[in-house]
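The values are calculated or read from the model by the stated rules, or taken from the named source; none is laboratory data. Keep in mind the model is a prediction, meaning the values are calculated, not measured. Positions of Cβ are backbone-derived with ideal geometry, glycine not excepted, and every protein chain shown enters the neighbour counts. The area values use the complete protein model at the heavy-atom level, side chains included, leaving out ligands, DNA and RNA. Shrake-Rupley method; radii C 1.70, N 1.55, O 1.52, S 1.80 Å.
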Amino acid sequence: MNNTKLKWTISGIMLCLITALLAIYLSDLVGIGLLGFEKSPLSPIIFAILLGLIINNMTVKLIKLEPGFKFCIKYVLKLGIIFLGIRLSLLDFVQYGSNSLIVIIPCILSSIIIITLLKDKFDVSENLSLLIAVGTSICGATAIVALAPSINAKKTEITYAIANITVFGLLAMFFYPFIANNVFSNDLSIGLFLGSSIHETAQVAGSGLIYAEQYSRQDVVGIAMLTKLVRNTLMVIVIPYLAHRSLSNNNTKPNVSTIFPYFIIGFIVFGLVRTFGDYYFLNQNDSVINNWNLIIHYIKQSAEFLLIIAMAAIGYNTNLKYFKKLGIKPFYLGFIAASMVGLISISIIGLLIV
């Protein structure tokens, strides 16, 4: 990395950091200072994304800071997710992981089937429909970028697909916590719904934190993230299958090692640390137990702050002007697919989990 790029990368990271601090301040100012709540019901996540969106779309001068925004989305976000593993024990991994598969698999299959059946009706190309399907059903932009080379997707098709999951994923991130609270009554169902129906890992993390802030139920964040990470892992099966089905004459095959979301390992490691730490310190004196609980608290706080920084970066990395140039038909298809995944998730959780 040359000195100029390093300078802009650091500047972009610092802007996201400052925006995150401002978002926390605004959350307390509005929720506590103006509305009078003991704890602000308005998550800093919302303010971080909105600040990034507004500032980025009011000026063109921030394009130089893009390397910093991408660094936050790629690395700061993943570190925050890894730290979220401290919220769950090994027992939670087994319990929630097995439940999540019951919901995730039908959601993935239904998304792919629906888009395959409707693509001709909306005059959407085979490649674009596959990119929208994998982005909606698995893990957003990561899955889209991983599949694109294997099906020889055009740059415009990749952009359309990412625009789809960005628009509907952000909408879901803001509204699904409130829908979940009205539809479900327990943390497991709510976490499963958020983790199985929202596109991007970052959006699931944001949605879980919004719910936790709004309703003071912290366990939802961990359940939602575990569900999403299980969903991400299935990318190593779904992407090769779609690529093989799409291109019988193409020798390019996706490399599993390049698409596997390795940060899941870090998430699990922190869950193991929590499990063994709770077991080891169970019979220690109060001072030791308090210190252990304090460490857990600081790791949780660090995870939330890192995710707020990443959400600010997502806001700064989203250009609303560009969406005006895109055709509307792929968005219809994306909207239908996203809505159906949400409805199927609700239905399965209602029938088999609750």
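Name the single residue that is modelled with the highest pLDDT among those in region 278-312 being surrounded by 14 or more Cβ atoms within 10 Å (Cβ to Cβ) and farther than 29 Å from CYS72 by Cβ.
Of everything passing the filter in region 278-312, TRP292 is modelled with the highest pLDDT.
Select from region 52-66 the residues that are polar (S, T, N, Q) and out of contact with any Lys or Arg (no Cβ under 7 Å at 6 or more places or on another chain) and list them in ascending order.
ASN56, THR59, listed by residue number.
Does LEU84 qualify as being part of a helix (DSSP H, G or I), under 17 Å from ILE268 (Cα atoms) and in contact (Cβ under 8 Å) with a residue 24 or more places away in the chain?
yes
Please work out if LEU147 is over 21 Å from SER345 (Cβ atoms), surrounded by 23 or more Cβ atoms within 10 Å (Cβ to Cβ) and in contact (Cβ under 8 Å) with a residue 60 or more places away in the chain.
yes
Regarding region 205-223, can at least one residue be identified that is of a type outside the set (Lys, Arg), surrounded by 24 or more Cβ atoms within 10 Å (Cβ to Cβ), under 17 Å from ILE344 (Cα atoms) and at pLDDT 85 or above?
No, because not a single residue in region 205-223 is of a type outside the set (Lys, Arg), surrounded by 24 or more Cβ atoms within 10 Å (Cβ to Cβ), under 17 Å from ILE344 (Cα atoms) and at pLDDT 85 or above.
Residues in region 123-137: is at least one at pLDDT 80 or above, surrounded by fewer than 17 Cβ atoms within 10 Å (Cβ to Cβ) and not in a loop (DSSP other than H, G, I, E, B)?
Scanning region 123-137 turns up at least one residue that is at pLDDT 80 or above, surrounded by fewer than 17 Cβ atoms within 10 Å (Cβ to Cβ) and not in a loop (DSSP other than H, G, I, E, B).
SER185: modelled with pLDDT of 80 or more and either among the acidic types (Asp, Glu) or touching a Cys at 6+ places or on another chain (Cβ under 8 Å) (or both), yes or no?
The answer is no for SER185.
Out of (1) open to solvent by less than 10 Å² (accessible area, probe 1.4 Å); (2) more than 12 Å from the chain's Cα centre (by Cα); (3) in contact (Cβ under 8 Å) with a residue 60 or more places away in the chain, the odd one out for HIS199 is which?
Condition not satisfied by HIS199: (2).
Look through region 158-196, keep the residues that are of a type in the set (Ser, Thr, Tyr) and open to solvent by 20 Å² or more (accessible area, probe 1.4 Å), and return whichever of them is farthest from ILE336 (Cα to Cα).
Taking the candidates together, the pick is SER185.
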